Structures are given as C-alpha cells and as structure tokens.
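A.B. asks: One structure, pasted below without further comment.
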Amino acid sequence: MKNALALLEERGYIEQLTHPKEMEELFSSGKSIPFYVGIDPTADSLHVGHFISLMVASLMQKCGHKPIILVGGGTASIGDPSGKTDMRKMLSREEIDKNVEALKKQISKFVTFEGENAAIIVNNADWLLNLNYIDFMREIGSLFSINRMLAAECYKQRLETGLTFFELGYMLMQSYDFLHLYNTYDCKLQIGGNDQWSNIIGGVELIRKIGKDDSFGLTFKLLTTKEGKKMGKTEKGALWLDANRVSPYEFYQYWRNIEDESVETVLSLLTFLPMDEVKRLSSLKDEKINEAKKVAAFEITKLVHGEEEAKKAEEATNALFGGQGSIENMPSTKIENINISLVDAIVLVGIAPSKGQARTLITQNAVTLNDEKITDCNYMLSDKDFSNGYAIIKKGKKVFHKLEI
C-alpha cells in the first residue's frame, strides 16, 4: 500500500496536520484508515471549492483507505460561519434532502462505492436532528471552552457583525460528527480545506478529551490565484461541476485561460498526472506554457464531465482559436426571431447580465459579430448575419456564443 501522506505531501496538498509524527506512524502502518470529509448540501451541485477535497479523498482511496463522505443535512440547517460576514440562509429539510441526492451523483465521479475499501455516504441529519438538547450540552457542550472558540478564525471575523448562538453551535455539531463516525465506523481522520482548521481541531480534541488518542486532522490548501483570491469565480458566478449550470465548454475554457503562475498548482492538485509530467509541463516558458494549459483543461474537464465532453470542448476551442476542429460544441442558443438587436442578443445568451452592460461592452469595442467589430449600440441582426445558419458573438478574446436559427 502506497503511503498516502507522502503522496499528498509530494503533490502539495497538505497545509496543516494536528499530530504530524503520530500521523506518519499511522500511515506507515500499512492499515486501511477510515477518514471523512464533510460537504454541506447548500446547493444541488458541487463547485470548484469542493474539488480538492474530493481529489484528496480519491487519492487516499487509491492508496487503500476508506472514504466516508459526510453530507451535512443536519449542519446545513445551521450553516458554517467560516469565511462569512453574514449568517447563511437556513434551508428547509426538503431542500436539503433534494440537494443531498443530487450531490451523490457527482461524488461518485471521484470515489468508488465498490470494493474492499468502498466509500460510503452518510448524512449527519440521521444523528443530529433527534439529539436531546440538555443531554447534548451536558455531555458535549461542557467539554468546549467559549474563550477558545471565540479565538478561532471562523468566529473572530463574525464578532464585529454579530454572531448568533445558533451559529456558535456549528463547531459543536461538526465535532460531534467526528465522534459519531469514530464510534460507528472507527473513523480516525477528518480532512478539509484550511478554512476548516478550527472546526477540525474541535473534533480531534473532543475525541481525545473522552480518553482516546488516535483521532487526527488534516487540512489542505485552498485553490487560489497568485493574488490569494479563491479560484472558481466566473462572470456568471461560481464554477459549478454540474453541466446544466456551467457547460463543459465553459468549464474547459476556465482552465484553459488560467494565469501562467497557477499552472503547476492546478496540474498538481486537480489532475492525476504523474508529478514528473506536472513538473515538465509547468516548466514550459512563454507561449509554450499554453500547451500545459491545454493539458490541464482537458484532464480536469475529463475528470468532471467525462472524456467525450472534454474532447468536444477541445474541438470547439481549436475551431475558434486555431482554425481546426468543430464549432458544433460551442455554447449555443436557438432563436426564432433573428430581427433582434445585438444588445438583446448579448443579454439573451448571457454574455452580459443587462442591456446597460451590453451597451458598455459595445462602446468599449469589446464585441464582434462573425469576426467583425460592432460599435453601434443600435445594431439590428438580420438575414445577412446568419448566412451560414448561425452567427457567432464574441466578447474580447475568450468568450464566444453561437446563435442558431
């Protein structure tokens, strides 16, 4: 069995460990270690923010360890205050259950639910929603120091805007999750993004306070740009893993256009390419670095949407930027009435969210129609623009959309 801890270290995932020496001994023991990662079902799709957790889970499973995917149907009723300046919207049980079912399908692309170390999915609503408040506070709440909790980053930044007692309970609930999984599945390790460090420590310490000494926590790096901003934001919002929210073509384009400085990070953390190949690709200079970006875009899109969709996105990109390939897989919209204004067309296909912003793009010389720059905000589309049965609207150098009749 390959040492998972060494593999994660080699690929650059690990940010912090709770007990480094003990963890090294545990992962060198050759035993299969049950571990868990939590996902709050606040939407019916995963996004890039979940990507690294699932990559880590996948790599650890490949090394022989057992993933427990905890879908937070119970904790989502409260909402994690980490990184938030306002209280999260509370979802109904029906909304949460619906989201949980949708997420299971996406998770299965990263981990397998078959075999000796098959992954399992658990929902903490099953044990949290029926807890007796008095018993819980006596047995669990009494082991937590309010002073220490308020010193945690996830709470400190909320004190200025107002932290509710409701949210204060999130750390207790997540810590109790770890204890429950420890007792039920012999789960030894919780993993999560570095913004979850305080919550993970809470669970590790809770288990150790009741007399156990084999609970551990590991956090991994968040996916950020060179400016330290979280990756995965597009003009339309989050970079979702659901093809109905973000098309495979748009998904491919996002990774094809990452900054040069992010190539090595993206290849290391979001693909299964051998590290020798990652180092070779990320060492390319100047124009050649685009070859590495193409590999990253294809590999990541293949992992999330499948090889067929990745090839379609690649072909559409080659057709637009290299004069080769097919434009059939470019994002497209069918219209019945071709006699509409260019402004309306831009809004219709989602290149701009409003007519005002569409006009601004046109006046800034940022819009072309069939490779011709359009500077007239009153431009009306007509038959001549659809001589091939379609018209291509382009914003800047990287955003394309096909109007079909």
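A.B. asks: So residue 219 passes all but one of these: (1) in contact with an Asp or Glu (Cβ under 6 Å, 6 or more places away or on another chain); (2) over 24 Å from residue 11 (Cα atoms). Which condition number does it fail?
C.D. replies: (2)
A.B. asks: Another question, if that's okay. When you scan the range 220-231, do you find a residue that is outside the structural domain of residue 57 (by TED's automatic domain parsing), in a strand (DSSP E or B), at positive phi and out of contact with any helix residue (DSSP H, G or I) (no Cβ under 9 Å at 6 or more places or on another chain), even just one?
C.D. replies: no
Quick grid of which residues meet (1) touching a Cys at 6+ places or on another chain (Cβ under 6 Å); (2) farther than 22 Å from residue 247 by Cα; (3) in contact (Cβ under 8 Å) with a residue 12 or more places away in the chain:
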position	(1), (2), (3)
347	no, no, no
355	no, yes, yes
365	no, yes, no
371	no, yes, yes
382	no, yes, yes
392	no, no, yes
395	no, no, yes
404	no, no, yes
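A.B. asks: Of all residues in the range 250-267, which are among the charged types (D, E, K, R) and outside any loop (DSSP other than H, G, I, E, B)?
C.D. replies: 250, 256, 260, 261, 264 - these are the residues of the range 250-267 that are among the charged types (D, E, K, R) and outside any loop (DSSP other than H, G, I, E, B).
A.B. asks: Right, another one. Out of curiosity, is residue 272 among the aromatic types (Phe, Trp, Tyr), in contact with a helix residue (DSSP H, G or I) (Cβ under 9 Å, 6 or more places away or on another chain) and not in a helix (DSSP H, G or I)?
C.D. replies: yes
A.B. asks: Would you check if there is a residue in the range 6-18 being within 20 Å of the chain's Cα centre (by Cα), of a type in the set (Val, Ile, Thr), over 18 Å from residue 178 (Cβ atoms) and surrounded by 13 or more Cβ atoms within 10 Å (Cβ to Cβ)?
C.D. replies: For the range 6-18, residues within 20 Å of the chain's Cα centre (by Cα), of a type in the set (Val, Ile, Thr), over 18 Å from residue 178 (Cβ atoms) and surrounded by 13 or more Cβ atoms within 10 Å (Cβ to Cβ): present.
A.B. asks: Also, quick follow-up: Where in the range 120-163 are there helices (runs of 4 or more DSSP H), lying wholly inside it, with at least 3 residues that are within 20 Å of residue 193 (Cβ to Cβ) and in contact (Cβ under 8 Å) with a residue 24 or more places away in the chain?
C.D. replies: Counting at least 3 such residues, we get 153-159.
A.B. asks: Still on this structure, I have one more. Looking for whichever is over 30 Å from residue 55 (Cα atoms), at pLDDT 85 or above and touching a helix residue (DSSP H, G or I) at 6+ places or on another chain (Cβ under 8 Å) here; the options are 366, 358, 313. Which one fits?
C.D. replies: Selected residue: 358, the only one of 366, 358, 313 that is over 30 Å from residue 55 (Cα atoms), at pLDDT 85 or above and touching a helix residue (DSSP H, G or I) at 6+ places or on another chain (Cβ under 8 Å).
A.B. asks: Can you list residue pairs whose Cβ atoms sit under 9 Å apart, with the first residue in the range 164-180 being over 12 Å from residue 74 (Cβ atoms) and the second being among the polar types (S, T, N, Q)? Count only pairs 6 or more apart in sequence or on different chains.
C.D. replies: Final answer for the pair search is 171/198; 171/199; 175/199; 178/190; 178/215; 179/215.
A.B. asks: Can you list the helices (runs of 4 or more DSSP H) lying wholly within the range 1-119 that have 2 or more residues being modelled with pLDDT under 85 and more than 28 Å from residue 212 (Cβ to Cβ)?
C.D. replies: Output list reads 93-107.
The values are calculated or read from the model by the stated rules, or taken from the named source; none is laboratory data. This structure is a prediction, so every number in the text was calculated from the model and none was measured. Heads up, the Cβs are rebuilt from the backbone with ideal geometry, glycines too, and the neighbour counts pull from every protein chain shown.
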